[in-house]
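Remarks on the structure that follows.
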Amino acid sequence: MAQPTEMIMLNYQTTGSTVSLTLSKEYLNSQELLRFIEVLRIKELLSQSQMTADDAMVLDEALKDNWWQQNQARFLSKI
């Protein structure tokens, strides 16, 4: 007869330059897991970026300005 095993919510093992992560399905639902993976992917992309913090702020402002130009009529029409 198989012995019941203790449920491990989170376990990790490091070897060389990798980390193996094991999570119980009860620990994160599928949406949370996808968000966690997305955060890791973004972190990887950011680590490869050569953009300075000042460049990022300029880009952020440009994106917000562009978004506002495209959406201001829709928001202001509700006032």
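Each reported figure results from applying straightforward, stated rules to the coordinates on display, with no laboratory input. The model shown is predicted, which means the values in this text are computed figures rather than measured ones. Methodologically, a virtual Cβ is constructed for each residue, glycine included, from the backbone with ideal geometry; neighbour enumeration extends over all protein chains shown.
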| Any idea what angle helix 53-76 forms with the longest principal axis of the chain, computed on alpha-carbon atoms, 0 to 90 degrees, nearest 10? | 70 degrees
| Within the chain, which is the longest segment containing none of the trypsin sites (Lys or Arg not before Pro) that sit in a DSSP loop and have at most 11 other Cβ atoms within 10 Å? | 26-77
| List the lysines whose alpha-carbon lies under 23 Å from that of Lys64, not counting same-chain residues fewer than 8 positions away? | Lys43, Lys78
| field | Estimated 222 nm signal from helices in the chain, with DSSP H stretches of n ≥ 4 weighted -39500 (n - 2.57), rounded to 500 | value | -19000 deg cm²/dmol
| query | For the Cα atoms of the chain, what angle does the longest principal axis make with the long axis of helix 30-48, in degrees from 0 to 90, nearest 10? | reply | 70 degrees
| query | Dipole magnitude of the chain about its Cα centre, charges +1 at Lys/Arg Cβ and -1 at Asp/Glu Cβ only, in debye to the nearest 20? | reply | 300 debye
